[in-house]
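The values are calculated or read from the model by the stated rules, or taken from the named source; none is laboratory data. In this text the structure is predicted, and so the values were computed from the model without any measurement. Here the Cβ positions follow ideal geometry from the backbone for every residue, glycine too, while neighbour counts run over all protein chains shown. Ligands, DNA and RNA are stripped out before the accessible areas are found, and what is left, the full protein with its side chains, is counted by its heavy atoms. Shrake-Rupley method; radii C 1.70, N 1.55, O 1.52, S 1.80 Å.
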Amino acid sequence: MKTTTVISTYWKIQLIGWTIASLYWGLSAFLSGNFIWKMGATDLIFDILIGIALTHMYRNFALKRKWNKLNLKELLPKMVLSVFVLSLFYMFFIIGKLYLVRLLIFKNETVSFLAFFKSVQLQVFITGTRLMSIWVLAYHLYHYSRLELETVKENARLSIIIKEAQLNNLSAQLNPHFFFNSLNNIKFLVIENPAAARRAIDLLSELLRNSLNTNISKLISLNDEIDLVKDYLELEKIRFEERLQIKIETSLDLSQHLILPFSIQSLVENAIKHGIEKRKSGGFIAVKIDMKNHFIKITVQNSGKLSDEVKDSGIGLQNLKERLLLQYNGNASFEIMQMDDETVLATILITSK
């Protein structure tokens, strides 16, 4: 069975980077007209080996001391000192290599190592400083970018977890609130109209069944939400009789668009509780859904007056605002306002995708 050796990205970058750098110096020598192929090939091999050996030694040293976890203020002095030390090592190794290669090729070479060292030390040191600075900076920038990416991913993951927890918490408030109000409605009917109370119980059972079959923290079709609203309004119609007029209009294919469960129903319930219920003559509730400028526009109008207490508090409206904000990340809005003719208008706008 054959085994395949996989070269890591680190080693690929090392080999490619130092090969390119060494070829650059070889090309410079070739263009100057003083190029000897045998010496050039030997220099190329040793330049690559020396560059990789020094930088790999630094990498192991930095990892062992966890320099990649330091902030920039702590890391910068260490980087500067490391570049200086690496440049010194580079200078000694390269000059030693140059002298030995030339000694082997030009056997009659009479220049002493010390004299050769003094003649090229500054040039080689500057070259080493440039190369080591680029390598060290690139190495730490790579690690910082990876660390930043991991941090962003982790923050995004935590944000999603928090958002889901908030949505679940808000959603958990809705069912008890909704069914408490519905049971209160049935309580009034039991004595006054037993037949209507039985129908109301049937409707409430249907509402409960639909609610249990729906994951309230997720989106559902507008069609399902409107069915819920119709059942709820029928339940209220039994109680209010002629005091409640209902109108539902839509120009959209409701099955093709999604919405948060109990969003329109919350507005209708609020309209009943703070509008119709407070008026001796009752009133109307009109639900309208259409498309306007790439937004799904949902409006609920009802007879009544909007007080600051109703506008700024209450589990239904406040809950709805928070759920829209969490679910749509600013791509949905909610507004409730008083019209001139004793009519309250509640509007939900959702970006159509």
Residue list for segment 1-51, restricted to those being modelled with pLDDT under 70 and assigned to a helix (DSSP H, G or I)
Ala29, Phe30, Ser32
Quick one: in segment 178-198, of everything that is touching a helix residue (DSSP H, G or I) at 6+ places or on another chain (Cβ under 8 Å) and of a type in the set (A, V, I, L, M), which residue is farthest from Ala271 (Cα to Cα)?
Val190
Restricting the first residue to segment 94-105 and requiring it to be closer than 15 Å to Lys38 by Cα, which pairs with a second residue that is open to solvent by 60 Å² or more (accessible area, probe 1.4 Å) meet a Cβ separation below 6 Å and a spacing of at least six or different chains?
Lys97/Phe46; Tyr99/Phe113; Arg102/Glu109; Leu103/Glu109
Counted residues, segment 214-269 - those being in a loop (DSSP other than H, G, I, E, B) and open to solvent by 70 Å² or more (accessible area, probe 1.4 Å):
4
Note on segment 89-110: residues open to solvent by 60 Å² or more (accessible area, probe 1.4 Å) and out of contact with any Asp or Glu (no Cβ under 7 Å at 6 or more places or on another chain) are Phe89, Phe92, Phe93, Leu100, Leu104, Phe106, Lys107, Asn108, Glu109, Thr110
Within segment 270-295, the residues that are in contact (Cβ under 8 Å) with a residue 60 or more places away in the chain and open to solvent by less than 10 Å² (accessible area, probe 1.4 Å) are Ala271, Gly275, Val287, Ile289
Given (1) within 33 Å of the chain's Cα centre (by Cα); (2) buried (at least 16 other Cβ atoms within 10 Å of the Cβ); (3) at pLDDT below 80, number of the condition His140 does not satisfy:
(3)
Looking for whichever is within 15 Å of Val136 (Cα to Cα), within 39 Å of the chain's Cα centre (by Cα) and either modelled with pLDDT of 85 or more or surrounded by fewer than 18 Cβ atoms within 10 Å (Cβ to Cβ) (or both) here; the options are Leu86, Leu76, Leu54. Which one fits?
Leu76
Out of the residues in segment 59-73 that are open to solvent by 80 Å² or more (accessible area, probe 1.4 Å) and assigned to a helix (DSSP H, G or I), which is farthest from Glu150 (Cα to Cα)?
Phe61
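Yes/no per residue for (1) in a strand (DSSP E or B); (2) open to solvent by less than 10 Å² (accessible area, probe 1.4 Å); (3) at pLDDT below 85:
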| position | (1), (2), (3) |
| --- | --- |
| Val300 | yes, yes, no |
| Val310 | no, no, yes |
| Gly316 | no, no, yes |
| Asn319 | no, yes, yes |
| Leu326 | no, no, yes |
| Phe334 | yes, no, no |
| Met337 | yes, no, no |
| Leu349 | yes, no, no |
| Lys353 | no, no, yes |
Test for Phe117: is it open to solvent by 60 Å² or more (accessible area, probe 1.4 Å), more than 30 Å from Tyr144 (Cβ to Cβ) and in a helix (DSSP H, G or I)
no
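Please count how many residues of segment 237-253 are over 30 Å from Arg279 (Cβ atoms) and without any contact (Cβ under 8 Å) to a residue 40 or more places away in the chain.
Taking segment 237-253 first, the residues over 30 Å from Arg279 (Cβ atoms) are 252-253.
Those left that are additionally without any contact (Cβ under 8 Å) to a residue 40 or more places away in the chain: 253.
Selection size over segment 237-253: 1.
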